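What follows is a short report on a single structure.
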Amino acid sequence: MERKPPSNNRIPELQAPFRYKGNLLAVEGLPVESIAARVSTPVYIYSSAGILERLRAYQRAFRSVPHLICYAVKANSNLAILRLLARHNAGADIVSGGELRRALLAGFPPGKIIFSGVGKTEEEIKDALRARIRMINVESEEELRLIRKTARKLKVQAPISIRVNPDIAADTHHHIQTGSKTNKFGIDAAQTIRLYRETARARELRIMGIQCHIGSQITQMRPYGKALEILLSLRERLLKEGIPIEVVDIGGGLGASYHEGPSPHPEKLARMILPKFRENDAILFLEPGRSLVAESGILVTRVIYRKNSHGKHFIIVDAAMNDLARPALYDAFHLIQPVRKSPTGRWVTADVVGPICESGDILGKARRLRTPRQNDCLAVMTAGAYGFSMSSQYNSRPRAAEALVEDGKWRLIRKRETQKDLLRGEIELI
Ligand SMILES: Cc1ncc(COP(=O)(O)O)c(C=O)c1O
């Protein structure tokens, strides 16, 4: 799957890991239908070749500077996916004690783990310091105080990076915009300078980095350029005061392609960032989540019923908003494709909906597709990021199974939850 590095100004396109082979949707040559038949539905299916192609595209795009690609674990935190990325030299960007545990279990070296988030608890800070991770991205003055106190208790030095709020509004859904001054994330520039001075004086703290993350599903590169300029000028200012900062972390957020057509290539991001970055002696960190895994995953679901009421068509499937929250949460669009194309089915415009008792439980609105039969499988595309990781047990529905295709074979990487799993923690208390 390795592709040639870009020549001259041409940016290559990333390959879609899921393609039709005749009438059958296939992943790395394997028919999706045969995996779904074995595991049952709903099931998330991921392509390791697709994920690695995207990781390598980042690594190639930024190879001219010292860098680390810290995968944002929240996008898809399955241990097998984490292990795959860890084996291929990625770092990990975590946001909770649970993600720290997963990252360590998957084999990320602690020196490649960074910890973001506005509300880290004392317990989480302790765990991170004990694990000796690379840096904690601090998001408030009170957090910095707690880290200092905790480090003193543990008799360690805490590696600090401050998350700057650059007041940049990236052009994306307002729920996933994080870099503007109205968002809860990061600290303004004036406070940042003050906190670095305080950090430089504290024996329990060690300055490691400066960070920002301006949002998710970003397709315009200019906001990254502006954010980097702000980080670099703060770094420069602090350097003049004798406060050096080794790591400059520009966050994640590069978009994936949810419609037909290519997604923004990491090379495009590199072309915006590297000319501004190159003069520096810093190490560049990036925190991509979605752009590494989104397009390399699908959610396969089976048609339960079809119905027509008041002249409107519905296709009722066995996956729902508890399995994939993005359409209900962000009004997000996911292509829905047949797992086996039927050249004869009648064309229909229908809402593809799940069994959950909410009108918002719609996976796809007004989709034009050939009427599937009962028990036919459909694939909800670009579901590898913020799919399973955001899923819930709402309506007492066990969460879906997950499978990974690697080297032409597939394997289960998460068992489907059972009714027993759903009751654990309650049944023993009644
Ligand atoms: C701090 C931080 N870094 C990285 C990411 C990853 O973003 P994306 O998946 O859009 O690349 C997020 C996502 O919300 C985040 O909060």
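So here's what we get for this one:
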quantity	calculated
Theoretical FRET efficiency, 1/(1+(r/R0)^6), r = Cβ-Cβ of Arg203 and Arg101, R0 25 Å, to 0.05	0.30
Globularity index of the stretch 96-253, i.e. its alpha-carbon radius of gyration over 2.2 N^0.38 Å	1.01
Extent along principal axes [Cα atoms of the chain; Å; largest to smallest]	72, 66, 42
Those residues of the stretch 347-363 whose amide nitrogen sits under 14 Å from the label point placed on Lys312, 7 Å along Cα→Cβ	349-354, 358-363
Inter-label distance for Leu412 and Arg152, nm, one decimal - labels placed 7 Å from Cα along Cα-to-Cβ	5.2
Using alpha carbons only: equivalent-ellipsoid semi-axes of the stretch 169-257, gyration tensor based, whole Å	27, 13, 11
Cα convex hull volume per residue for the stretch 303-430 (Å³)	137
Approximate shape of the stretch 187-238 as ellipsoid semi-axes (Cα gyration tensor, √5λ), whole Å, largest first	26, 11, 9
Gain on full stretching of the segment that runs from Arg194 to Lys226 - 0.36 nm per residue minus C-alpha separation	9.3 nm
Proximal lysines relative to Lys409, as straight alpha-carbon distance under 22 Å, when same-chain residues fewer than 8 apart are discounted	Lys21
Computed over the stretch 325-430: relative contact order in percent, which uses C-alpha pairs under 8 Å that are six or more apart	23
Efficiency of FRET between Glu236 and Val65 - r from beta-carbon atoms, R0 25 angstrom, step 0.05	0.90
Cut-off 14 Å between beta-carbons: net charge of the residues surrounding Ser392, Lys and Arg +1, Asp and Glu -1	-2
Accessible carbon and sulfur surface of the chain relative to its total accessible area, %, 1.4 Å	50
Whole-angstrom gap from the stretch 288-332 to the stretch 359-418, using each part's C-alpha centre	7
Convex hull volume per residue for the stretch 238-374, taking Cα atoms only, in Å³	150
Unsatisfied cross-links (Cα-Cα over 26 Å) in the set Lys74/Lys181; Lys307/Lys341; Lys74/Lys341; Lys153/Lys181; Lys155/Lys184; Lys126/Lys420	Lys74/Lys341; Lys153/Lys181; Lys155/Lys184; Lys126/Lys420
Projected label distance in nm at Lys181 and Trp347, using a 7 Å step from Cα toward the beta-carbon	5.2
Approximate spin-label separation Met390-Gln419, in nm, with each point projected 7 Å along Cα-to-Cβ	3.1
Per residue accessible area of the chain, 1.4 Å probe, in Å²	45
Enclosed volume per residue, in Å³, of the convex hull spanned by Cα atoms of the stretch 16-97	116
Computed helical MRE - 222 nm, the chain, DSSP H runs ≥ 4 contributing -39500 (n - 2.57), nearest 500	-8500 deg cm²/dmol
Cross-link reach list, lysines versus Lys276, counting only Cα pairs under 16 Å and skipping chain neighbours closer than eight places	Lys226, Lys268
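The values are calculated or read from the model by the stated rules, or taken from the named source; none is laboratory data. Because the structure is a prediction, the values reported are computed rather than measured. As a convention, Cβ positions derive from the backbone with ideal geometry for all residues, glycine included, and neighbour counts pool all protein chains shown. Accessible surface is based on the protein model in full, side chains and every heavy atom, while ligands, DNA and RNA are left aside. Shrake-Rupley method; radii C 1.70, N 1.55, O 1.52, S 1.80 Å.
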